[in-house]
1. Out of all the residues in segment 198-225, which are outside any loop (DSSP other than H, G, I, E, B) and within 9 Å of the ligand (Cβ to nearest atom)?
2. Do you know which of the residues in segment 227-237 that are outside any strand (DSSP E or B), in contact with a Gly (Cβ under 9 Å, 6 or more places away or on another chain) and not acidic (D, E) is nearest to the ligand (Cβ to nearest atom)?
3. Just for segment 180-195: of the residues that are assigned to a helix (DSSP H, G or I) and within 15 Å of the ligand (Cβ to nearest atom), which one is surrounded by the most Cβ atoms within 10 Å (Cβ to Cβ)?
4. Going residue by residue through segment 310-333, is there one that turns out to be assigned to a strand (DSSP E or B) and among the small types (G, A, S)?
5. Checking the conditions here, which among G125, G155, G140 is on the phi > 0 side of the Ramachandran plot and not acidic (D, E)?
6. Could you go through segment 120-135 and let me know if any residue there is within 16 Å of the ligand (Cβ to nearest atom), touching a residue at least 24 places away in the same chain (Cβ under 8 Å) and of a type outside the set (A, V, I, L, M, F, W, C).
7. For the condition over 24 Å from the mean Cα position of the chain (by Cα), surrounded by fewer than 18 Cβ atoms within 10 Å (Cβ to Cβ) and within 16 Å of the ligand (Cβ to nearest atom), what is the one hit in A353, A346, A240, A318?
8. When residues of segment 32-58 are filtered for being surrounded by 20 or more Cβ atoms within 10 Å (Cβ to Cβ), more than 16 Å from T192 (Cβ to Cβ) and not aliphatic (A, V, I, L, M), how many remain?
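Every number here is computed from the coordinates shown, using simple stated rules; none is lab data. Everything numeric in this text was worked out from a predicted model, so none of it was measured. Backbone-built Cβ (ideal geometry, glycine too); neighbour counts: all protein chains shown.
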Amino acid sequence: MDNRFQGLDRFAAGAQYIGGRLRPGTSGRGHTVVDPATGEKVLDYELASTADVDAAVAAARDALPGWAGATPGERSDAMHRFAALLGERAEDLAHAESLQCGKPIKLTREFDVPGSVDNTAFFAGAARHLQGQSAGEYSGDHTSYVRREPIGVVGSIAPWNYPLQMAAWKVLPAIAAGNTIVLKPAELTPLTSLMFAQAATDAGIPDGVVNIVTGAGRDAGEHLVGHPDVAMTSFTGSTAVGKRVAEIATSTVKRLHLELGGKAPFVVFDDADLEAAVHGAVAGSLINTGQDCTAATRAYVQRPLYDAFVSGVADLMATIRIGDPFQEDTDLGPLISHAQRDRVAAFVDRARAYATVVTGGVAPHNDGAYYRPTLITGAAQDSEIVQAEIFGPVLVVLPFDSDDEGLALANDTPYGLAASAWTRDVYRAGRATREIKAGCVWINDHIPIISEMPHGGYQASGFGKDMSAYSFEEYTQVKHVMYDNTAVARKEWHRTIFGDR
Ligand code: NAD
């Protein structure tokens, strides 16, 4: 067998991870994981049925009392072992992630996998560090305090662009807080979520705490969201599907967390370091072949720097090495699938009617789902290429004159996930951080994330946070406990209901 397909026999038992073991789906419908770099088959598996979702939710429900009842220290210890095991399996995880997604191996080795290991270590620590209001005698006659309790069984749904990191972002805060979870990864990319769950079991996290159902969105996904025994839905994916998920979750009165699409602006003021902005724009727009919800997609460049920025980005994009994801020097891998490649190409082809494709706009060959880095100018602010989420290696550049105009253009889409501003002027930077409507604003950089800080959107990019203490709180519910301190049978306040003073 080709070296790139090593280790796949571990999935022979199936692609559902329920109650601490792999088993096959029972939907009667097969699915094939395809290597997007070659179009070759990686793995055939059977999708989850709604009955498989029921079994996973039952396993999570059965595991809940034991896991929620464990001490924070016990949960933390198990999660520290989990982090260590993921670290030991880093190369295996990087290989599988590159295989199923077509990501360059240097990206999975240096970003996806270490980020997920670090997240695991962060939430292992956080498990012992829930914070809240201090207990006190707020009424004078009572002592009040707050308990933060787990919510119950969490149902999570993830996209295909960062399968391992999405599993980490969903599973870790949930289980650190004492919940149990059923995660549905995207059908295209189940491998590393299954390996993640297996590592949780191997680290001693009890069976049923982490379950994976690999099924289609319409049946397994909707069944999970609407399931009466699921107390919270956490979804990452497109805004269109997020709206459908929200309808179902709301009709069953669930806690809801939505991480949706993005169309991040990249605002370059005329005092910016041009070389830094050019390098930042190319890196920020091409990361993960542009399939990143925070990728730089719309660069607004103040007129004096505009021409130099466009030619700098075009020149740098021309140096990008497209190729085999397993080649150490490959910069840009394929898109996730040929269908996604064709979708991106269609956006660019439609834009040719009203804008200029400065570089790229080409699929180099048809074996892999590759698309060249693409730079577009001359598009109107209200055009599709500027407004819609493309999810490919495509950057649009537009000029602006005044600072007011640049910031207004940055805010002119329905999204609000992330943004960056490039300037050496501290007041301009401060204004951008205040006025840009997004869950994250970088100054003089674009993309870096860290476990300690929250990630999440404004507006059509959703609500709720991943990573950080903020996401930990999302997976808890607050209970007010109030003790009477007077030991008096006839309490003063009763007279408002009956009797006199
Ligand atoms: P998608 O919305 O098509 O699918 C996401 C997940 O939802 C998949 O697991 C899919 O099977 C499932 N799904 C589909 N239909 C469903 C339904 N009716 N009910 C329940 N589940 C359903 O998204 P995608 O194409 O996999 O991923 C790309 C999208 O994800 C982009 O829009 C991107 O911006 C977004 N994304 C957002 C973030 C963030 O943090 N905000 C992070 C990564 C990706």
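1. G217, R218, D219, A220, G221, E222, H223, L224, V225
2. Here the answer is G237.
3. T192
4. No; the residues of segment 310-333 include none that is assigned to a strand (DSSP E or B) and among the small types (G, A, S).
5. When all the criteria are applied, what remains is G140.
6. No, the conditions are met nowhere in segment 120-135.
7. A346
8. Adding up the residues that qualify gives 3.
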